[in-house]
Amino acid sequence: MLDAARRLFIERGYEQTTIREISVASGVSSGSLYHFFSDKEGVFLHLTLEVFEGTLQAAASAAARYRDPHLGLSLKWAFLVRLISTDRRLAELFSVAYGSWKISEALLRVATQRHQLLLGGVLDSWDQERFFIATLVLAGVLSALVEERVNLDCLSEEKRVRALLSTALPAFGARPEKIQGLIEKTLELLSSITLSSVGFGEGDHRA
């Protein structure tokens, strides 16, 4: 059912996809669907969290040998930029996610927990509120880049990555002398993560 929903959201867009269409495409009754999700937004939230988690795992794998949590997170953030840069339809879905407070609140909560878990060892003086504020900064920049992609599309993928990281890394306590090196290494490693590693088929998406 989730595979069918993902395909329909990408092909048709969030607003144009109905619960009934998801039910028909998946062969799962509407009643069964509502047993797991209260509404279409709930389905979309689940899929959005899957993408963020898949991106985090793929980035962590690509950056594992460097043993630098800032690099792992930078690669995750950069790959999210790659997703929106690769396909306008994906950017539009991200725009829907950031435009929904229910989804945004869940993303902020989960991302704050993840950031605290991954960076807590190097930012041991930070409390949860400080991680939440840094996550808000990240979300604000990423949301702005999503809207730029959807409505203006005047920046290259690399410029979007550099804009995001140059703002997010200082917010997450990266030392100033390390930031440029982190950005360059992130761009170098970015091509090692494929769309299929986070649940999207290579070549299925158009700019």
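Read-outs throughout are calculated quantities, based only on the coordinates presented, and are distinct from any laboratory measurement. Owing to the predicted nature of the structure, the values given are computational and were not obtained by experimental measurement. Cβ sites come from the backbone with ideal geometry, for glycine too, and all protein chains shown count toward neighbours.
So here's what we get for this one:
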item: Distance from segment 1-52 to segment 99-120 (C-alpha centre basis), Å; result: 22
item: Charge dipole (debye, nearest 20) of the chain; +1 at Cβ of Lys and Arg, -1 at Cβ of Asp and Glu; result: 220
item: Local electrostatic count, residue 193, Cβ distance below 10 Å [Lys/Arg +1, Asp/Glu -1]; result: +2
item: Cα long-axis angle, helix 69-86 against the chain (0 to 90 degrees, to the nearest 10); result: 40
item: 12 Å Cα-Cα reach of residue 76 towards aspartates and glutamates, excluding residues that sit fewer than 8 places from it in its own chain; result: 53
item: Computed FRET value (nearest 0.05) for residue 88 with residue 167, which takes r as the C-beta separation and R₀ as 30 Å; result: 0.85
item: Extension gain, residue 30 back to residue 147 (0.36 nm per residue minus Cα-Cα distance, nm); result: 38.8 nm
item: Helix-only mean residue ellipticity at 222 nm for the chain, each DSSP H run of n ≥ 4 adding -39500 (n - 2.57), per residue, nearest 500; result: -24500 deg cm²/dmol
item: Under Karplus coefficients 6.51, -1.76 and 1.60, residue-wise ³J(HN,Hα) of segment 173-178 in Hz, glycine/proline x; result: x, 5, 5, x, 6, 9
item: Potential lengthening between residue 101 and residue 124 on full extension [0.36 nm per residue; Cα-Cα distance subtracted]; result: 5.3 nm
item: Partners for residue 102 among lysines (Cα-Cα distance below 20 Å; same-chain residues under 8 apart left out); result: 40
item: Separation in nanometres of the label points that stand 7 Å from Cα toward Cβ, at residue 108 and residue 39; result: 1.9
item: Sorted peptide list for 31-41, 136-146, criterion being average Cβ within 10 angstrom, highest first; result: 136-146, 31-41
item: Residue-by-residue Karplus 3J(HN,Hα) for segment 96-112, coefficients 6.51, -1.76, 1.60, Hz, glycine and proline x; result: 4, 4, 6, x, 9, 5, 4, 6, 4, 4, 5, 4, 5, 5, 5, 5, 4
